[in-house]
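Please treat every number below as a calculation from the coordinates, not as lab data. Since we're looking at a predicted model, the values are computed, not measured. Note that we place each Cβ from the backbone using ideal geometry, even for glycine, and neighbour counts take in every protein chain shown.
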């Protein structure tokens, strides 16, 4: 049965590649990019095609004009497939596009495809694949929110620099002053929400009595997730340090939100430790030898609690 699925996947990939030869190049569609996306998201369960993914990322960095046809190609590929392999590779490719950190990526906003209810065609007769479906849905949810966060953060940055909003062709207008403490706190809370979503990207299924049953592609995807987790967590820690340096002059609303954020940080630190232990158990390379997480100092939380009480007293 596995051999038949592999042969069927190879045939589908070849057919999709042949169809790209019939395409006419436009501002939205680029046959070369679509062919590279198909090769990068092929039906091979064992790994992501590094050569063609590198070609895709090179296009992203080369010119903003390539971003739109690339996103369209990934969207078409993701929406058409009923294979967990192709769906997961499409998400990994999209994740890599975000990591290129070019200005054109900031314009994407919410993802133009939806895998929140994805189901592989073999779900009903394969409990392991059922677990992969949940993994893909959780991964998609995170990337969708990350894309939205990147877009909104770029909008805020443009406002602070007195530039136009993305997509606004009118003359620049006077923007608001630099972000206030409350805006920093809201942004920090959003990052904590992203971390919550990341910690839900976890391949669990009752059918996996042994972790050796897990596909190598899932482990490769988890490697990407662990890198993202450390990036988001480090940004949260830096943002908390910055907020604490400003919070002395905060009002009641700011002190209350800051305290809530600090308590969430304590909970997330414990959850992250458990998550990384799980990743080490299943053999995720980037989780091996990771540094021990520093707990949130209790004195900082006590100071915020006292500050909140003081501001409430003076109201």
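Couple of notes before you dig in:
- Residues 57, 118, sorted so that the one with the fewest Cβ neighbours within 10 Å comes first: 57, 118
- This ranking places 275, 139, 76 by how few other beta-carbon atoms lie within 10 Å of each, fewest first, which gives 76, 275, 139.
- Look at 149, 135 and count the other Cβ atoms within 10 Å of each Cβ; fewest to most, that gives 149, 135.
- Using C-alpha pairs below 8 Å separated by at least 6 residues, the relative contact order for the stretch 11-167 is 18 percent.
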